[in-house]
Amino acid sequence: MALLGAAGLAFAAWAFHAGQPALAAAAQGPGSPAERSQRFPNVVIVTIDTLRVDHVSGYGYRRPTTPNVDRLLASGVKFRQARTVEPLTNPSLCSMFTSTYPHEHGSTRNGLRMRPGLASVASVLGRRGYETAAFVGNWTLRNEISGLGEHFDNYQEILNRKRWYGLFKGEATAEDLTDGALAWLAENRREERDPARKGHRPFLLWVHYVEPHAPYRLQEEVAGRLGIKASGEVSRLDRYDTEIAFADYHVGRLLNALSADPALQANTLVVFAADHGESLGEHSYWGHGRNLYEPTLRIPLGIAWPGRLRPAVIDAPAVNLDVAPTILGLAGLPIPKSFQGMDWTPVLEGGELPRERTLLFQAHKGAVLSAKEAASARRKGLLEVALLAGNRKEIFRMAEGKRWVYDLARDPGELRGVLAGAAGGVQPSVPMRDWLASVQRGLDASDRVLTAQVKSEDVEKLRSLGYVE
(Lines give C-alpha, C1' and ligand atoms only; values in the text may rest on other atoms or scores of the structure.)
Protein backbone atom coordinates (compact mmCIF):
# COMPACT_ATOMS: atom_id res chain seq x y z
CA MET A 1 0.00 0.00 0.00
CA ALA A 2 1.23 3.54 -0.78
CA LEU A 3 1.13 4.59 2.87
CA LEU A 4 3.61 1.94 3.95
CA GLY A 5 5.91 1.65 0.96
CA ALA A 6 9.59 2.58 0.64
CA ALA A 7 10.92 5.96 1.72
CA GLY A 8 9.96 8.78 -0.60
CA LEU A 9 6.42 7.63 -1.41
CA ALA A 10 4.06 10.55 -1.03
CA PHE A 11 0.81 10.61 0.84
CA ALA A 12 -1.83 13.27 0.21
CA ALA A 13 -4.69 14.24 2.49
CA TRP A 14 -7.72 16.26 1.54
CA ALA A 15 -9.02 18.92 3.91
CA PHE A 16 -12.76 19.46 3.75
CA HIS A 17 -14.15 22.58 5.43
CA ALA A 18 -17.50 24.21 4.81
CA GLY A 19 -17.95 21.95 1.81
CA GLN A 20 -14.80 23.24 0.06
CA PRO A 21 -12.06 20.65 -0.54
CA ALA A 22 -8.45 21.84 -0.33
CA LEU A 23 -5.47 19.62 -1.05
CA ALA A 24 -3.06 19.46 1.86
CA ALA A 25 0.66 19.40 1.12
CA ALA A 26 2.01 15.93 0.41
CA ALA A 27 3.80 14.41 3.38
CA GLN A 28 6.99 12.53 2.59
CA GLY A 29 7.62 9.17 4.16
CA PRO A 30 10.02 8.96 7.10
CA GLY A 31 13.66 9.23 6.15
CA SER A 32 15.90 7.89 8.90
CA PRO A 33 16.76 4.16 9.04
CA ALA A 34 15.21 3.90 12.50
CA GLU A 35 11.96 5.38 11.22
CA ARG A 36 11.91 3.12 8.14
CA SER A 37 12.45 -0.07 10.11
CA GLN A 38 8.84 -0.57 11.24
CA ARG A 39 6.52 -2.05 8.65
CA PHE A 40 3.22 -1.58 10.53
CA PRO A 41 2.43 1.39 12.76
CA ASN A 42 1.87 1.26 16.47
CA VAL A 43 -1.69 2.26 17.26
CA VAL A 44 -2.76 4.28 20.31
CA ILE A 45 -6.49 4.79 20.86
CA VAL A 46 -7.48 7.40 23.44
CA THR A 47 -11.15 7.66 24.37
CA ILE A 48 -12.79 9.99 26.88
CA ASP A 49 -16.15 9.15 28.41
CA THR A 50 -19.13 11.49 28.06
CA LEU A 51 -17.24 14.24 26.20
CA ARG A 52 -19.40 16.70 24.27
CA VAL A 53 -17.81 17.90 21.07
CA ASP A 54 -18.90 21.49 21.71
CA HIS A 55 -17.02 21.55 25.04
CA VAL A 56 -13.71 20.74 23.33
CA SER A 57 -11.76 23.97 22.82
CA GLY A 58 -10.34 22.70 19.52
CA TYR A 59 -13.91 22.60 18.20
CA GLY A 60 -14.54 26.23 19.19
CA TYR A 61 -15.51 26.06 22.87
CA ARG A 62 -15.01 29.35 24.72
CA ARG A 63 -12.98 27.80 27.55
CA PRO A 64 -9.50 26.27 27.05
CA THR A 65 -10.65 22.86 28.26
CA THR A 66 -8.49 20.63 26.04
CA PRO A 67 -5.14 22.15 25.01
CA ASN A 68 -3.44 18.74 24.72
CA VAL A 69 -6.23 17.14 22.71
CA ASP A 70 -6.37 20.28 20.58
CA ARG A 71 -2.70 19.94 19.63
CA LEU A 72 -3.23 16.31 18.70
CA LEU A 73 -6.26 17.08 16.55
CA ALA A 74 -4.50 20.02 14.90
CA SER A 75 -1.59 17.77 13.92
CA GLY A 76 -3.77 15.27 12.06
CA VAL A 77 -7.19 14.74 10.54
CA LYS A 78 -10.13 16.14 12.52
CA PHE A 79 -13.71 15.09 11.81
CA ARG A 80 -16.27 17.83 12.39
CA GLN A 81 -19.42 15.73 11.97
CA ALA A 82 -18.67 12.55 13.90
CA ARG A 83 -21.29 10.69 15.93
CA THR A 84 -21.64 7.53 17.96
CA VAL A 85 -24.15 4.88 16.86
CA GLU A 86 -25.42 4.54 20.45
CA PRO A 87 -24.89 7.06 23.27
CA LEU A 88 -24.01 4.54 25.99
CA THR A 89 -20.50 3.50 27.03
CA ASN A 90 -20.29 -0.25 26.55
CA PRO A 91 -22.43 -0.47 23.39
CA SER A 92 -20.59 2.44 21.83
CA LEU A 93 -17.09 1.13 22.49
CA CYS A 94 -17.97 -2.41 21.42
CA SER A 95 -19.23 -0.88 18.18
CA MET A 96 -16.06 1.17 17.77
CA PHE A 97 -13.80 -1.88 18.07
CA THR A 98 -15.93 -4.37 16.10
CA SER A 99 -17.37 -1.91 13.56
CA THR A 100 -20.81 -3.46 14.08
CA TYR A 101 -24.04 -2.02 15.44
CA PRO A 102 -25.17 -2.84 18.98
CA HIS A 103 -28.00 -5.08 17.81
CA GLU A 104 -25.36 -7.07 15.88
CA HIS A 105 -22.70 -7.42 18.57
CA GLY A 106 -25.30 -7.90 21.30
CA SER A 107 -24.03 -5.46 23.92
CA THR A 108 -26.93 -3.05 23.66
CA ARG A 109 -26.89 -2.05 27.33
CA ASN A 110 -24.35 -1.71 30.10
CA GLY A 111 -24.13 -5.11 31.77
CA LEU A 112 -24.70 -7.15 28.60
CA ARG A 113 -21.71 -8.89 27.05
CA MET A 114 -21.20 -8.78 23.33
CA ARG A 115 -21.05 -11.91 21.22
CA PRO A 116 -17.83 -13.91 21.61
CA GLY A 117 -15.54 -14.47 18.65
CA LEU A 118 -16.33 -11.29 16.75
CA ALA A 119 -13.67 -9.73 14.58
CA SER A 120 -12.32 -6.46 15.97
CA VAL A 121 -9.49 -4.11 15.15
CA ALA A 122 -7.72 -5.41 18.26
CA SER A 123 -8.10 -9.08 17.34
CA VAL A 124 -7.03 -8.46 13.74
CA LEU A 125 -3.91 -6.62 14.86
CA GLY A 126 -3.22 -9.28 17.47
CA ARG A 127 -3.24 -11.98 14.81
CA ARG A 128 -0.77 -9.86 12.83
CA GLY A 129 1.70 -10.03 15.72
CA TYR A 130 0.77 -6.86 17.59
CA GLU A 131 1.04 -6.68 21.35
CA THR A 132 -2.36 -5.43 22.51
CA ALA A 133 -3.16 -3.74 25.82
CA ALA A 134 -6.10 -1.81 27.26
CA PHE A 135 -6.48 0.31 30.39
CA VAL A 136 -10.05 0.99 31.47
CA GLY A 137 -11.41 2.56 34.64
CA ASN A 138 -15.15 2.20 34.25
CA TRP A 139 -17.12 -0.65 35.88
CA THR A 140 -19.26 -1.12 32.78
CA LEU A 141 -16.14 -2.06 30.82
CA ARG A 142 -15.15 -4.96 33.05
CA ASN A 143 -14.52 -7.95 30.82
CA GLU A 144 -17.05 -10.09 32.68
CA ILE A 145 -19.89 -7.75 31.73
CA SER A 146 -18.58 -6.31 28.46
CA GLY A 147 -16.63 -9.06 26.69
CA LEU A 148 -14.01 -6.59 25.50
CA GLY A 149 -11.15 -8.29 27.31
CA GLU A 150 -11.31 -11.19 24.85
CA HIS A 151 -9.79 -8.92 22.22
CA PHE A 152 -6.64 -7.88 24.11
CA ASP A 153 -3.55 -9.70 25.35
CA ASN A 154 -3.48 -7.45 28.40
CA TYR A 155 -6.79 -6.01 29.64
CA GLN A 156 -6.21 -3.89 32.74
CA GLU A 157 -9.26 -2.97 34.82
CA ILE A 158 -8.29 -0.17 37.20
CA LEU A 159 -11.20 0.15 39.61
CA ASN A 160 -9.52 1.47 42.73
CA ARG A 161 -11.24 4.81 43.26
CA LYS A 162 -14.44 6.13 44.79
CA ARG A 163 -15.41 8.82 42.31
CA TRP A 164 -19.06 8.85 43.35
CA TYR A 165 -18.79 11.23 46.31
CA GLY A 166 -16.20 8.99 47.99
CA LEU A 167 -18.75 6.24 48.61
CA PHE A 168 -18.27 3.52 46.02
CA LYS A 169 -15.14 1.99 44.55
CA GLY A 170 -15.52 0.96 40.96
CA GLU A 171 -13.80 3.57 38.81
CA ALA A 172 -10.42 5.22 38.26
CA THR A 173 -9.15 8.73 37.71
CA ALA A 174 -7.37 9.95 34.61
CA GLU A 175 -4.17 10.05 36.63
CA ASP A 176 -4.49 6.35 37.52
CA LEU A 177 -5.09 5.35 33.92
CA THR A 178 -2.22 7.36 32.48
CA ASP A 179 0.10 6.01 35.17
CA GLY A 180 -0.83 2.46 34.20
CA ALA A 181 -0.49 3.10 30.48
CA LEU A 182 2.89 4.83 30.88
CA ALA A 183 4.24 1.96 32.97
CA TRP A 184 3.15 -0.53 30.29
CA LEU A 185 4.60 1.64 27.53
CA ALA A 186 7.93 1.98 29.34
CA GLU A 187 8.16 -1.77 29.77
CA ASN A 188 7.28 -2.28 26.11
CA ARG A 189 10.06 0.06 25.04
CA ARG A 190 12.60 -1.66 27.32
CA GLU A 191 11.73 -5.00 25.77
CA GLU A 192 12.03 -3.58 22.26
CA ARG A 193 15.56 -2.38 23.03
CA ASP A 194 16.59 -5.78 24.36
CA PRO A 195 19.24 -7.12 21.93
CA ALA A 196 18.09 -10.68 22.68
CA ARG A 197 14.71 -10.02 21.07
CA LYS A 198 14.32 -11.15 17.48
CA GLY A 199 12.38 -8.72 15.38
CA HIS A 200 10.07 -5.89 16.30
CA ARG A 201 6.46 -6.23 17.43
CA PRO A 202 4.21 -3.20 16.96
CA PHE A 203 1.61 -2.53 19.64
CA LEU A 204 -1.98 -1.44 20.07
CA LEU A 205 -2.64 0.54 23.25
CA TRP A 206 -6.15 1.69 24.25
CA VAL A 207 -6.80 3.98 27.23
CA HIS A 208 -10.35 4.93 28.21
CA TYR A 209 -10.71 7.86 30.61
CA VAL A 210 -13.77 8.08 32.88
CA GLU A 211 -13.96 11.84 33.37
CA PRO A 212 -16.09 13.86 32.67
CA HIS A 213 -18.75 11.26 33.44
CA ALA A 214 -21.20 12.12 36.23
CA PRO A 215 -21.11 12.99 39.08
CA TYR A 216 -19.07 15.89 37.57
CA ARG A 217 -16.60 16.36 40.37
CA LEU A 218 -14.98 19.77 40.75
CA GLN A 219 -11.29 19.50 39.83
CA GLU A 220 -9.93 22.48 41.74
CA GLU A 221 -6.41 22.30 40.31
CA VAL A 222 -7.65 23.22 36.82
CA ALA A 223 -10.63 25.41 37.74
CA GLY A 224 -8.68 28.67 37.81
CA ARG A 225 -7.28 28.11 34.34
CA LEU A 226 -10.84 27.90 33.07
CA GLY A 227 -11.95 31.05 34.89
CA ILE A 228 -13.99 29.04 37.40
CA LYS A 229 -13.87 30.01 41.07
CA ALA A 230 -13.50 26.88 43.17
CA SER A 231 -15.00 28.52 46.25
CA GLY A 232 -18.71 28.90 46.75
CA GLU A 233 -21.43 27.44 44.61
CA VAL A 234 -20.18 25.86 41.37
CA SER A 235 -22.64 24.87 38.66
CA ARG A 236 -22.88 21.40 37.21
CA LEU A 237 -21.72 22.73 33.85
CA ASP A 238 -18.65 24.33 35.45
CA ARG A 239 -17.80 21.09 37.26
CA TYR A 240 -18.23 19.20 34.00
CA ASP A 241 -15.72 21.49 32.30
CA THR A 242 -13.14 21.00 35.05
CA GLU A 243 -13.45 17.25 34.62
CA ILE A 244 -12.69 17.65 30.90
CA ALA A 245 -9.62 19.77 31.65
CA PHE A 246 -8.44 17.26 34.27
CA ALA A 247 -8.71 14.38 31.80
CA ASP A 248 -6.98 16.44 29.11
CA TYR A 249 -4.01 17.11 31.38
CA HIS A 250 -3.42 13.41 31.89
CA VAL A 251 -4.02 12.62 28.22
CA GLY A 252 -1.26 15.16 27.63
CA ARG A 253 1.12 13.15 29.80
CA LEU A 254 0.52 10.11 27.60
CA LEU A 255 0.94 12.09 24.38
CA ASN A 256 4.14 13.68 25.68
CA ALA A 257 5.62 10.24 26.31
CA LEU A 258 4.96 9.33 22.68
CA SER A 259 6.47 12.55 21.31
CA ALA A 260 9.55 12.31 23.57
CA ASP A 261 10.79 9.33 21.54
CA PRO A 262 11.23 10.40 17.86
CA ALA A 263 11.18 6.83 16.53
CA LEU A 264 8.10 6.01 18.59
CA GLN A 265 6.32 9.16 17.46
CA ALA A 266 7.11 8.58 13.78
CA ASN A 267 5.80 5.03 13.90
CA THR A 268 2.64 5.62 15.95
CA LEU A 269 -0.86 6.32 14.69
CA VAL A 270 -3.04 7.98 17.36
CA VAL A 271 -6.85 7.96 17.36
CA PHE A 272 -8.82 10.22 19.69
CA ALA A 273 -12.57 9.93 20.29
CA ALA A 274 -15.32 10.12 22.85
CA ASP A 275 -17.66 7.20 23.42
CA HIS A 276 -20.66 9.56 23.38
CA GLY A 277 -21.68 13.07 24.32
CA GLU A 278 -23.80 14.37 27.17
CA SER A 279 -27.06 16.24 27.51
CA LEU A 280 -26.55 19.21 29.82
CA GLY A 281 -30.17 20.20 30.28
CA GLU A 282 -31.25 20.16 26.63
CA HIS A 283 -34.76 18.77 26.25
CA SER A 284 -34.99 18.91 30.07
CA TYR A 285 -32.50 16.05 30.38
CA TRP A 286 -29.13 15.64 32.06
CA GLY A 287 -27.16 12.54 31.11
CA HIS A 288 -26.95 10.25 28.10
CA GLY A 289 -28.33 7.06 26.64
CA ARG A 290 -32.07 7.72 26.81
CA ASN A 291 -32.59 9.65 23.59
CA LEU A 292 -30.95 10.30 20.24
CA TYR A 293 -30.67 14.07 20.21
CA GLU A 294 -27.45 15.62 18.95
CA PRO A 295 -25.85 16.53 22.31
CA THR A 296 -25.42 12.84 23.16
CA LEU A 297 -24.63 11.62 19.63
CA ARG A 298 -22.00 14.14 18.52
CA ILE A 299 -18.41 13.26 19.44
CA PRO A 300 -14.93 14.60 18.78
CA LEU A 301 -12.91 12.33 16.49
CA GLY A 302 -9.44 12.65 15.05
CA ILE A 303 -6.50 10.64 13.68
CA ALA A 304 -2.87 11.74 13.84
CA TRP A 305 0.18 10.05 12.31
CA PRO A 306 3.27 12.29 12.14
CA GLY A 307 4.89 12.32 8.73
CA ARG A 308 2.01 10.40 7.14
CA LEU A 309 -1.18 12.37 7.76
CA ARG A 310 -1.02 16.11 7.25
CA PRO A 311 -3.40 18.45 9.11
CA ALA A 312 -6.86 18.35 7.58
CA VAL A 313 -10.48 18.92 8.55
CA ILE A 314 -13.19 16.63 7.21
CA ASP A 315 -16.60 18.23 7.23
CA ALA A 316 -18.58 15.15 6.25
CA PRO A 317 -20.64 12.66 8.29
CA ALA A 318 -18.71 9.93 10.14
CA VAL A 319 -19.56 7.45 12.89
CA ASN A 320 -17.49 5.54 15.41
CA LEU A 321 -17.98 2.38 13.32
CA ASP A 322 -15.45 3.97 10.93
CA VAL A 323 -12.57 3.89 13.42
CA ALA A 324 -11.66 0.20 13.11
CA PRO A 325 -11.69 -0.09 9.29
CA THR A 326 -9.80 3.19 8.91
CA ILE A 327 -7.03 2.03 11.26
CA LEU A 328 -6.65 -1.18 9.27
CA GLY A 329 -6.86 0.69 5.99
CA LEU A 330 -4.12 3.12 6.97
CA ALA A 331 -1.96 0.21 8.11
CA GLY A 332 -2.47 -1.55 4.78
CA LEU A 333 -4.19 -4.55 6.37
CA PRO A 334 -7.29 -6.44 5.18
CA ILE A 335 -10.61 -5.34 6.64
CA PRO A 336 -12.99 -8.06 7.90
CA LYS A 337 -16.18 -8.45 5.87
CA SER A 338 -18.21 -8.15 9.07
CA PHE A 339 -17.17 -4.51 9.55
CA GLN A 340 -20.03 -2.10 8.85
CA GLY A 341 -18.11 1.17 9.03
CA MET A 342 -16.38 3.14 6.31
CA ASP A 343 -12.63 3.08 5.67
CA TRP A 344 -11.63 6.72 5.22
CA THR A 345 -8.20 5.87 3.80
CA PRO A 346 -9.19 6.48 0.15
CA VAL A 347 -10.55 9.90 1.08
CA LEU A 348 -7.36 10.74 2.97
CA GLU A 349 -5.38 9.74 -0.11
CA GLY A 350 -7.23 12.34 -2.15
CA GLY A 351 -10.43 10.55 -3.11
CA GLU A 352 -13.90 12.01 -3.09
CA LEU A 353 -16.06 12.38 -0.02
CA PRO A 354 -18.90 9.85 0.38
CA ARG A 355 -22.10 11.01 -1.23
CA GLU A 356 -25.56 10.72 0.33
CA ARG A 357 -24.39 8.70 3.31
CA THR A 358 -27.18 7.74 5.72
CA LEU A 359 -26.21 7.38 9.37
CA LEU A 360 -28.13 5.00 11.65
CA PHE A 361 -28.55 5.16 15.43
CA GLN A 362 -30.23 3.34 18.31
CA ALA A 363 -30.83 3.96 22.02
CA HIS A 364 -31.59 1.41 24.70
CA LYS A 365 -32.34 1.45 28.39
CA GLY A 366 -29.33 1.85 30.66
CA ALA A 367 -27.81 -0.84 32.84
CA VAL A 368 -29.36 -4.28 33.26
CA LEU A 369 -30.19 -4.37 36.94
CA SER A 370 -31.30 -7.95 37.52
CA ALA A 371 -30.47 -11.40 36.19
CA LYS A 372 -34.16 -11.99 35.47
CA GLU A 373 -34.35 -8.85 33.37
CA ALA A 374 -31.27 -9.87 31.40
CA ALA A 375 -33.06 -12.79 29.71
CA SER A 376 -35.06 -10.39 27.52
CA ALA A 377 -33.06 -7.22 28.12
CA ARG A 378 -32.23 -6.56 24.49
CA ARG A 379 -35.58 -6.76 22.75
CA LYS A 380 -37.42 -5.10 25.66
CA GLY A 381 -34.77 -2.43 26.13
CA LEU A 382 -35.06 -0.59 22.82
CA LEU A 383 -36.07 3.05 23.35
CA GLU A 384 -35.46 4.84 20.07
CA VAL A 385 -34.03 4.46 16.59
CA ALA A 386 -32.97 7.28 14.31
CA LEU A 387 -31.43 8.01 10.93
CA LEU A 388 -29.72 11.03 9.45
CA ALA A 389 -29.53 11.71 5.71
CA GLY A 390 -28.04 15.06 4.83
CA ASN A 391 -29.64 17.53 7.22
CA ARG A 392 -32.83 15.50 7.64
CA LYS A 393 -32.96 13.61 10.91
CA GLU A 394 -35.77 11.23 11.82
CA ILE A 395 -36.29 9.82 15.32
CA PHE A 396 -38.80 7.11 16.21
CA ARG A 397 -39.73 6.61 19.86
CA MET A 398 -40.91 3.09 20.69
CA ALA A 399 -43.05 3.79 23.77
CA GLU A 400 -45.17 6.50 22.16
CA GLY A 401 -45.10 5.01 18.67
CA LYS A 402 -44.30 8.47 17.32
CA ARG A 403 -41.63 10.01 15.17
CA TRP A 404 -40.02 13.42 14.97
CA VAL A 405 -38.40 14.89 11.87
CA TYR A 406 -35.82 17.69 12.14
CA ASP A 407 -33.92 19.86 9.68
CA LEU A 408 -30.56 20.20 11.43
CA ALA A 409 -29.45 23.03 9.15
CA ARG A 410 -32.36 25.24 10.22
CA ASP A 411 -32.93 23.72 13.64
CA PRO A 412 -29.62 22.47 15.09
CA GLY A 413 -31.10 22.41 18.60
CA GLU A 414 -33.85 20.02 17.47
CA LEU A 415 -36.53 22.25 18.96
CA ARG A 416 -38.96 22.60 16.04
CA GLY A 417 -39.33 19.09 14.71
CA VAL A 418 -42.42 17.85 12.98
CA LEU A 419 -44.20 15.34 15.24
CA ALA A 420 -46.20 12.58 13.58
CA GLY A 421 -47.75 9.47 15.13
CA ALA A 422 -46.90 6.15 13.54
CA ALA A 423 -50.53 5.12 13.79
CA GLY A 424 -51.94 8.56 13.18
CA GLY A 425 -51.82 8.80 9.44
CA VAL A 426 -48.14 9.61 8.85
CA GLN A 427 -46.00 6.50 8.97
CA PRO A 428 -42.23 6.43 9.46
CA SER A 429 -40.27 6.65 6.24
CA VAL A 430 -39.42 3.44 4.40
CA PRO A 431 -35.75 3.64 5.41
CA MET A 432 -36.80 4.11 9.03
CA ARG A 433 -39.16 1.12 8.91
CA ASP A 434 -36.40 -1.01 7.38
CA TRP A 435 -33.89 0.13 10.02
CA LEU A 436 -36.29 -0.54 12.90
CA ALA A 437 -37.11 -4.01 11.56
CA SER A 438 -33.41 -4.83 11.21
CA VAL A 439 -32.69 -3.72 14.78
CA GLN A 440 -35.60 -5.70 16.20
CA ARG A 441 -34.55 -8.87 14.36
CA GLY A 442 -31.03 -8.53 15.70
CA LEU A 443 -32.24 -7.98 19.26
CA ASP A 444 -34.50 -11.03 19.13
CA ALA A 445 -31.64 -13.16 17.77
CA SER A 446 -29.23 -11.95 20.44
CA ASP A 447 -31.65 -12.67 23.29
CA ARG A 448 -32.09 -16.21 21.97
CA VAL A 449 -28.41 -17.10 21.73
CA LEU A 450 -26.58 -14.97 24.30
CA THR A 451 -26.59 -16.05 27.94
CA ALA A 452 -26.92 -13.32 30.54
CA GLN A 453 -23.75 -12.83 32.60
CA VAL A 454 -25.08 -10.33 35.14
CA LYS A 455 -24.07 -11.14 38.71
CA SER A 456 -25.44 -9.66 41.90
CA GLU A 457 -22.16 -7.80 42.51
CA ASP A 458 -22.34 -6.21 39.07
CA VAL A 459 -26.00 -5.26 39.53
CA GLU A 460 -25.32 -3.53 42.84
CA LYS A 461 -22.20 -1.82 41.56
CA LEU A 462 -23.89 -0.50 38.43
CA ARG A 463 -26.78 0.79 40.49
CA SER A 464 -24.53 2.42 43.08
CA LEU A 465 -22.42 4.11 40.39
CA GLY A 466 -25.46 5.75 38.85
CA TYR A 467 -25.98 3.48 35.84
CA VAL A 468 -29.73 3.31 36.23
CA GLU A 469 -32.59 3.56 33.77
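The values are calculated or read from the model by the stated rules, or taken from the named source; none is laboratory data. If you're wondering where the values come from, they're calculated on a predicted model, not measured in any experiment. Positions of Cβ are backbone-derived with ideal geometry, glycine not excepted, and every protein chain shown enters the neighbour counts. Note: accessible area is taken over every heavy atom of the protein model, side chains too, but ligands, DNA and RNA are not part of it. Shrake-Rupley method; radii C 1.70, N 1.55, O 1.52, S 1.80 Å.
Can you give the local net charge around LEU387? Use residues other than it whose beta-carbon is closer than 12 angstrom to its beta-carbon, Lys and Arg +1, Asp and Glu -1. Spelling it out: positives minus negatives among the neighbours equals +3.
For GLY117, what charge total do you get from the other residues with a beta carbon under 14 Å from its beta carbon, if Lys and Arg give +1 and Asp and Glu give -1? List each step's numbers first, then the result.
Numbers: positive: ARG113, ARG115, ARG127; negative: GLU104, GLU150.
Local net charge: +1.
Taking amide H as placed 1.01 Å from N in the peptide plane, the amide H of GLN340 sits under 5 Å from that of THR100, each at least 5 places away or on another chain. Rolling a 1.4 Å probe across all protein chains gives PHE152 an accessible area of roughly 20 Å². For LYS380, the solvent-accessible surface computed with a 1.4 Å probe is close to 140 Å², ligands and nucleic acids excluded. Among residues other than ILE299 with Cβ under 13 Å from its Cβ, the summed charge is -2 (Lys and Arg +1, Asp and Glu -1).
The accessible surface of the range 81-128, taken with every protein chain in place and a 1.4 Å probe, is 45 percent carbon and sulfur. For the range 235-252, 3J(HN,Hα) computed residue by residue from phi via the Karplus equation (6.51, -1.76, 1.60; θ = phi - 60°) reads 5, 4, 5, 5, 5, 4, 5, 5, 5, 4, 5, 5, 4, 4, 4, 7, 4, x Hz, glycine and proline entered as x.
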